[in-house]
1. Output the number of the condition that Ala64 fails; it satisfies all remaining conditions of (1) open to solvent by 50 Å² or more (accessible area, probe 1.4 Å); (2) over 10 Å from the mean Cα position of the chain (by Cα); (3) at positive phi.
2. From Glu41, Glu34, Glu48, which residue is in contact with a Phe, Trp or Tyr (Cβ under 8 Å, 6 or more places away or on another chain), assigned to a helix (DSSP H, G or I), open to solvent by 40 Å² or more (accessible area, probe 1.4 Å) and not aromatic (Phe, Trp, Tyr)?
3. Quick check on Ser11: is it small (Gly, Ala, Ser) and outside any loop (DSSP other than H, G, I, E, B)?
4. Every residue in segment 1-43 that is in contact with a Pro (Cβ under 9 Å, 6 or more places away or on another chain) and of a type outside the set (Val, Ile, Thr), please.
5. Look through Pro20, Pro56 and report the one residue that is touching a residue at least 24 places away in the same chain (Cβ under 8 Å) and open to solvent by 30 Å² or more (accessible area, probe 1.4 Å).
Amino acid sequence: MSYVVVIERASDGGFSAYVPDLPGCVSCGDTVDEVQASIAEAVRFHVESLRSHGEPVPAPSARAATVAVA
């Protein structure tokens with residue numbers, strides 16, 4: 001499964017990330033590469049936790065796009 005991840009610059013200069021389809025699945029890091037690695041791990045743990053507790057794993061449904069503004 002592939003989930004959309006939103007990465008944002010944090011007020012402290014680092015980065016934060018969240019997964020719209022997995023409420024509560026968040027991470028942070030000092031660099032984009034760091035936050036990408038940590039959110040990937042967070043997604044794996046989140047899905048494993050849901051499965052181990054017999055809870056449904058939400059199917060990926062979020063989509064991302066960019067919009068150019070002149």
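1. (3)
2. Glu34
3. Working: small (Gly, Ala, Ser): yes; outside any loop (DSSP other than H, G, I, E, B): no.
Judged against the criteria, Ser11 is not a match.
4. Met1, Ser2, Tyr3, Asp21, Leu22, Pro23
5. Numbers: Pro56 fails: touching a residue at least 24 places away in the same chain (Cβ under 8 Å).
The unique qualifying residue is Pro20.
The values are calculated or read from the model by the stated rules, or taken from the named source; none is laboratory data. As the structure is a computational prediction, the values presented were derived from the model and not from experiment. With ideal geometry, Cβ positions are generated from the backbone for all residues, glycine too; neighbour counts draw on all protein chains shown. SASA here: full protein model, heavy atoms, side chains in, ligands and nucleic acids out. Shrake-Rupley method; radii C 1.70, N 1.55, O 1.52, S 1.80 Å.
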